[in-house]
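The values are calculated or read from the model by the stated rules, or taken from the named source; none is laboratory data. Only a predicted model underlies this, so the values are computations on that prediction, with no experimental measurement involved. Every residue, glycine as well, gets a Cβ built from its backbone with ideal geometry; the counts of neighbours run over all protein chains shown. The area values use the complete protein model at the heavy-atom level, side chains included, leaving out ligands, DNA and RNA. Shrake-Rupley method; radii C 1.70, N 1.55, O 1.52, S 1.80 Å.
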Amino acid sequence: VSMSLGRVFIIDDEEHVRKMVGLALKQGGYEVFEAADGEEAMATIQSGPSVQAIICDIALPKVNGHDLIAFIRMKLPSVPVIVLTGHPDVQGAASLFKLGVVDYLIKPAQAQTLLDAVGRAIEEQAVFD
């Protein structure tokens, strides 16, 4: 069994997006787990294993992405959050970067784009730890 490069948590309400992103990351050597909405994501963050990065949609059922990211920053201040959205919004992006988001990707993101973003986020984080 090869060592995984780390665990990445994918939060998106669209199953096909989670599958696509998950596949790209698994092929890139990461372990993946998923949540389909903000509530499930919060529960996983409360109870789940440690993660090295989080990929998060903004338009989520139950708890929206902004609120979820604020919660993640509070609970997991050192874990980098990458936003993956189908509805880019400049003002929204600016407020997310203020919340500490490290990258803002537009769907559909290419597998390599995702891997580059996650790799960069985890490396930059390692500098701070």
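A Cβ distance below 7 Å, combined with a sequence gap of six or more or placement on separate chains, defines the contacts here; from the stretch 85-108, residues that are in contact (Cβ under 8 Å) with a residue 24 or more places away in the chain reach residues that are basic (Lys, Arg) and open to solvent by less than 70 Å² (accessible area, probe 1.4 Å) in the pairs 85/107; 86/107; 99/73; 100/73. Count of the stretch 35-65 residues, restricted to those that are open to solvent by less than 60 Å² (accessible area, probe 1.4 Å) and outside any loop (DSSP other than H, G, I, E, B), is 12. Taking the stretch 20-34 as the range and being outside any helix (DSSP H, G or I) and of a type outside the set (Ser, Thr, Tyr) as the test, the residues that pass are 28, 29, 31, 32, 33, 34. Scanning the stretch 66-108 for residues that are under 16 Å from residue 124 (Cβ atoms), open to solvent by 40 Å² or more (accessible area, probe 1.4 Å) and in a loop (DSSP other than H, G, I, E, B) returns 76, 77, 78, 102. Checked against (1) in contact with a strand residue (DSSP E or B) (Cβ under 6 Å, 6 or more places away or on another chain); (2) at pLDDT 95 or above, residue 120 passes all but a single condition, namely (1).
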